[in-house]
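First the structure, in the form of structure tokens, and then the observations on it.
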Amino acid sequence: MVKDIMWHYSRMLCWRALAIVSLALGLLGIPLPGLPTVPFILLSAWSSGKGWPALEQRLLAHPQLGPPILAWRQNGVVPRRAKYLATAMMLLSVVLLQLSQAPLLLRLLLPCFLLLVAIWLWRRPEHVTQDNNYDKTD
């Protein structure tokens, strides 16, 4: 019984810590150009939903942060600006990695992985369409 209670509170504390850290990083990304905002805010909303529902509701109700979170959750939407920024950061990372003394395997595999991430990212919708009725005429 005591173990179950301790396990529950430990899990809740971990989810809350992840929510706070990711929210702080996301908020730091607003004024800092190299730090992404949206992925950290999405991570914060997700983790707070697991261990801190009140924070999740505050994020969803926020006038600037709430709409992108809801768009992601409902339709997997990633704004074009976020796609450009993420792609630029991945490209910069690959260039800096190639100029570094990193192991050869890392310099070969990481660009392939980031290319797959970029392909996935650019296949995500950029906005929600109101017309979801697909009328096919034959």
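Please treat every number below as a calculation from the coordinates, not as lab data. For clarity, every value in this text was computed on a predicted model and none was experimentally measured. Cβ sites come from the backbone with ideal geometry, for glycine too, and all protein chains shown count toward neighbours.
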Checklist entry - Quick one: what do you get for the range 1-77 if you divide its Cα Rg by 2.2 N^0.38 Å? => result 1.20
Next on the checklist: Would the range 78-127 count as rounded, prolate or oblate if I go by the C-alpha gyration tensor, calling it rounded below 1.5 in a/c and otherwise prolate when a/b exceeds b/c, oblate otherwise?
Outcome noted: oblate
Checklist entry - the chain: longest stretch without exposed trypsin sites (Lys or Arg not before Pro) (DSSP loop, at most 13 other Cβ within 10 Å), sites themselves excluded? => result 1-122
Checklist outcome for this item: For the chain, the convex hull over Cα atoms projects on average to an area in nm² of 13.9 nm²
Item to check | Karplus (6.51, -1.76, 1.60) ³J(HN,Hα), θ = phi - 60°, over the range 18-25, in Hz, Gly and Pro reported as x | outcome: 4, 4, 5, 5, 5, 5, 4, 5
Item to check | Within the chain, helix-based [θ] at 222 nm, where runs of 4 or more DSSP H residues each add -39,500 (n - 2.57), nearest 500 | outcome: -24000 deg cm²/dmol
